[in-house]
Amino acid sequence: MKLPRTALALALSSSLLLAACSGSDEPEESTDTSSTAADASPDAADTTGDAGESTGDAGESTGDAGESTGDAAGSTGDAAESTGDASESTGDAAGSTGDAGDSTAAPGEDSETDDAVITAPAAGAGVLSVEEGEEIASQLMREAADSQNADAEEAAELNESAFSGSELRAAVAATSLRDIGITPVIDYHPTSPNVLAISREDGEFPAYMVVQSVPESGLPELHLMVQEEDGGDWKIGWSAPMLAGTEIGTFDPRSEGSTVIRDGKAGLTNYPSYVVDMLFQILDYPFADERPDFRTNNYGPQVRAAAEEQAASVAEQATLTQDHSLRSGTLRTIELADGSAIMFPVLERKSTFDVLDGMILEPSSAFAHFAEDDTITDSAEMTTLVFLAVHVRADGGDPEVIAAREQVVGANGS
């Protein structure tokens, strides 16, 4: 089944991985089928699953996925304006206010406005100017968009130029899968990317920019741009579509920079590392009897439903386990103006099928492409990267997944 791009934002790329068949029968032809998330078109949102509850991993009901539930998140000073409610998909990227309204002086200086009001010194300074940030973001988004349409050789060069870390691994895999007609869920929109946040100069690296783009065909997408070392190139290190009905809050003014929480939890309700542990409890299969309080905006129920459906479909031929781990260097947490924060972890999911004696599993085309094997008689393992944005509260509220994306990146079997 071909899913619209907005539905693909939540498609579980590793689900419905294998078709079951007995050892005595010829395997039937397999197609890649994914469990769908709530369609982001108007009136199509699924408000079941974790909608309507505030405990477990239940998210708040969004009602009509095409209807905006609130005003776009406003910004102060020179902070960029976010599109706010991700349930409303627009063709234009969110507008950036630049530094036009910023009356704050550089660190250590006072500035005087026309009406002689003296403003306080800035709290800090961004690792680069707003103008530099916007120029870098525009260039990287153009390269990222071009990489999706280039031939294999040019795409490889663009991937190396535009991406790093987990995002590079996902881009390389997506480029490879294009050869067999599988389209990635991300749509790097090159027009008018909106720089929402620039990390504050603190003498440490990596440095970050949070960027939002709004493709014509889907939900707003968030991107985390990373500079690994002083003077190093900026690259896109994380990307995911926002979930329908979610919004991202206001960061500190970009000229002052947003605080990166590198150690501890600052004023957050939970340590970022503990939030990741909570995600493991929600997503690992077989599932735990009890789940932590966590809002997932229907992402958690979609993952669980897909895993349970897959396990049931192969129960007579194989057993399924799914384990998640945190990718090294991806515990990245950037503070919002209200003291809460957004985390951008990348999880690695290992989906393992242990085949029973005398049975055969026919792999999906993605699995066969990576594993170079079209029949599995012993075991199979597929690796998927899970890109999440999680809002971590400072007021005692539950963490909330606001963006999600999955990309199959490898497979092996025998």
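The values are calculated or read from the model by the stated rules, or taken from the named source; none is laboratory data. Nothing here was measured: the structure is a model prediction, and the numbers come from that model. Positions of Cβ are backbone-derived with ideal geometry, glycine not excepted, and every protein chain shown enters the neighbour counts. What goes into the accessible areas is simple: the full protein's heavy atoms, side chains included, and nothing from ligands, DNA or RNA. Shrake-Rupley method; radii C 1.70, N 1.55, O 1.52, S 1.80 Å.
List of remarks:
- When the range 335-367 is limited to residues that are assigned to a loop (DSSP other than H, G, I, E, B), over 19 Å from the mean Cα position of the chain (by Cα) and not charged (D, E, K, R), the one that is farthest from H223 (Cα to Cα) turns out to be G358.
- Top-ranked residue in the range 252-308 [being in contact with a Phe, Trp or Tyr (Cβ under 8 Å, 6 or more places away or on another chain) and in a loop (DSSP other than H, G, I, E, B); ranked as most open to solvent (accessible area, probe 1.4 Å)]: K265
- Leading residue by the ranking (least open to solvent (accessible area, probe 1.4 Å)) among those in the range 310-331 that are within 24 Å of the chain's Cα centre (by Cα) and either at pLDDT below 95 or at positive phi (or both): Q310
- The set of residues in the range 183-219 that are touching an Asp or Glu at 6+ places or on another chain (Cβ under 9 Å), closer than 13 Å to D252 by Cβ and surrounded by fewer than 24 Cβ atoms within 10 Å (Cβ to Cβ) contains only R200.
- Selection count, the range 227-246, where residues are surrounded by 21 or more Cβ atoms within 10 Å (Cβ to Cβ) and among the charged types (D, E, K, R): 1
- Screening D338, D289, D293 for residues that are over 25 Å from G410 (Cβ atoms) and modelled with pLDDT under 95 leaves exactly one candidate, D289.
- The residues of the range 147-159 include none that are within 20 Å of the chain's Cα centre (by Cα) and charged (D, E, K, R).
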